[in-house]
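**Student:** I have a structure here, written as structure tokens, and I will follow up with some questions on it.
Computed from the coordinates by the stated procedures, all read-outs in this text should not be read as laboratory data. What you see is a predicted model, and the numbers here were worked out from it, not measured in a lab. Glycine also receives a Cβ, built like all others from the backbone with ideal geometry; neighbour counts cover every protein chain displayed.
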Amino acid sequence: MKVPMLDVKAQIESCKQQILEAVHKVIDDCQFIMGPEVKELECKLAGYTGSKYTIGCASGTDALLLALRAFDIGAGDEVITTPYTFFATAGAVANVGAKPVFVDIIDDTFNIDPAQIELKITPKTKAVIPVHLFGQCADMNPIMAIAKKYNLKVIEDTAQSLGAKYKGNMAGTIGDIGCYSFFPSKNLGAIGDGGFVTAKDQAVAEKLAILRLHGSKPKYYHSIIGTNSRLDTIQAAVLLAKLPLLDGWAQKRMENAQYYNNALANIDGLRTPYIDPNCHHVFNQYTLRTEKRDELMKHLEANNIGCAIYYPVSLHLQKCFEYLGYKQGDFPISEKAARESVSIPVYPELTKDQMDYVIGTIKNFFN
Ligand SMILES: *Cc1c(COP(=O)(O)O)cnc(C)c1O
């Protein structure tokens, strides 16, 4: 048997007709830039997330960049975030000229530890970017309380967690701006790059909408300096076709995760993912932990089971961030997670036979 880490093809096949019709229509209409599907998707996503304002953009990375720029964050400013995330989170901060300041994660959830945020706040701190990693929300209540106390903006990196909930609230709608990605491996994937932002405040939303269009309003009149970060009409059309299926897919991911969690509980030396009772987890990744991570991966690969490390290097130890002056040992929980985590297939199209094969192969290894 073969179990790939992700099976994008299986998902596309399951809704190919709707996707082809949607793409066909865009090609017939020829409104490739900011066509009506973009607006329609923005409205549907506003409804889905329950956010007041929703703005499509070119990627999840751009969503973060636009959010930082909407708050005029740049040179001389500091932004607090986690070192255990995809590069884009801290990359965006550095790309606007601000300084990423890291705070270690909580061992159970892989998410930023709110108890350590206050220690890192300086007069230069402008914002916090909690990341809802792997489909589960960061502990937002204490983060929002700290942000209020110090007058900081909260930008939620929701790239992996569209549809996740924290105490009943949709991920990305708790802070000031939510940033989402349609990268094909995310829970709602485009057939290329794409992303969107949600905002609470009308003026902020307006600024975000203008920033992605070169800062122009009306056309050819620029009061602020923006960029080209539009969501393609074709991607919007594909996403409109897929959106109705999102909750069903998330449900399958959750069921798959629960199936693994039950089968893999009580294996010495293996930790299954922790599900925070305050959260509705949408399992973009199912991440195991073991000190024998590298050997386990070899065993899985030898048995044709895909697996991946998210993430092998904590961001404070990346070469490009050497100038920040961090060293090994600064964020021990994050460093440990980088050494021990391995994600295994959890995508909705997995069959029970495939999961049983994965479970059997893991049990074999630990025996
Ligand atoms: C995927 C991802 C991004 C970037 O999204 P892109 O659409 O690939 O630019 C940002 N942050 C996190 C946590 C991600 O997983």
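**Student:** Subtract the Cα-Cα distance of residue 258 and residue 124 from 0.36 nm times their separation in residues, and report this length gain in nm to one decimal.
**Tutor:** 43.9 nm
**Student:** Ranked from highest to lowest mean number of other Cβ atoms within 10 Å per residue, what is the order of the peptides 205-218, 157-170?
**Tutor:** Taking the mean over residues of other Cβ atoms within 10 Å, the ranking is 157-170, 205-218.
**Student:** How many Å³ per residue does the convex hull of the Cα positions in region 1-141 occupy?
**Tutor:** Each residue corresponds to 167 Å³ of Cα convex hull volume.
**Student:** Report, to two decimal places, the Cα Rg of region 255-304 normalised by 2.2 N^0.38 Å (N = number of residues).
**Tutor:** Scaled against compact globular proteins, the figure is 1.25.
**Student:** Are any of the pairs 39/167; 148/200; 120/153 more than 24 Å apart by Cα-Cα distance, and if so, which?
**Tutor:** 39/167
**Student:** Work through the residues other than residue 354 whose Cβ is under 10 Å from its Cβ and net out their charges, Lys, Arg +1 and Asp, Glu -1.
**Tutor:** Net charge in that neighbourhood comes out at -2.
**Student:** Still on this structure, I have one more. Okay, helix-only estimate at 222 nm for the chain: each DSSP H run of n ≥ 4 adds -39500 (n - 2.57), divide by all residues, round to 500 deg cm²/dmol; what do you get?
**Tutor:** -11500 deg cm²/dmol
**Student:** OK, next. About the Cα centre of the chain, how large is the charge dipole given +1 on each Lys and Arg Cβ and -1 on each Asp and Glu Cβ? Please answer in debye to the nearest 20.
**Tutor:** Using Cβ point charges on Lys, Arg, Asp and Glu, the chain gives about 520 debye.
**Student:** Report, for the chain, the % of DSSP beta bridges that are antiparallel, rounded to 5.
**Tutor:** Restricted to the chain, the bridges split so that about 60 percent are antiparallel.
**Student:** Quick one: Kirkwood hydrodynamic radius for region 300-367, alpha-carbon pairs, angstrom, one decimal?
**Tutor:** About 14.3 Å, per the Kirkwood formula over Cα pairs.
**Student:** Mean Kyte-Doolittle hydropathy of -0.5 or higher plus an axial Cα length of 18 Å or more: which whole DSSP H helices in the chain meet both?
**Tutor:** Membrane-span-like by this rule: 16-29, 36-49, 352-366.
**Student:** A follow-up question, please. Looking at region 145-208, what % of its DSSP beta bridges pair antiparallel, to the nearest 5?
**Tutor:** Expressed as a percentage, antiparallel bridges in region 145-208 total about 70.
**Student:** Stretched out fully, how many nm does the piece from residue 363 to residue 267 gain, at 0.36 nm a residue minus the Cα gap?
**Tutor:** 33.8 nm
**Student:** Got a sec? How would 27, 224 order by Cβ neighbour count within 10 Å, fewest to most?
**Tutor:** Result, fewest neighbours first: 27, 224.
**Student:** Rounded to two decimals, what is Rg over Rh for the chain when you use alpha-carbon atoms and the Kirkwood radius?
**Tutor:** Computed over Cα atoms, the ratio is 0.97.
**Student:** When DSSP beta bridges are limited to those with both residues in region 50-141, what percentage is antiparallel, rounded to the nearest 5?
**Tutor:** Roughly 10 percent of the DSSP beta bridges within region 50-141 come out antiparallel.
**Student:** Ok, one more. Where in region 37-74 are there trypsin sites (Lys or Arg not before Pro) that are in a DSSP coil and have at most 15 other Cβ atoms within 10 angstrom of their Cβ?
**Tutor:** 52
**Student:** For region 270-359, which GluC sites (Glu not before Pro) are both in a DSSP coil and crowded by at most 15 other Cβ atoms within 10 Å?
**Tutor:** When the GluC sites (Glu not before Pro) of region 270-359 are filtered for loop state and at most 15 Cβ neighbours within 10 Å, 291 remain.
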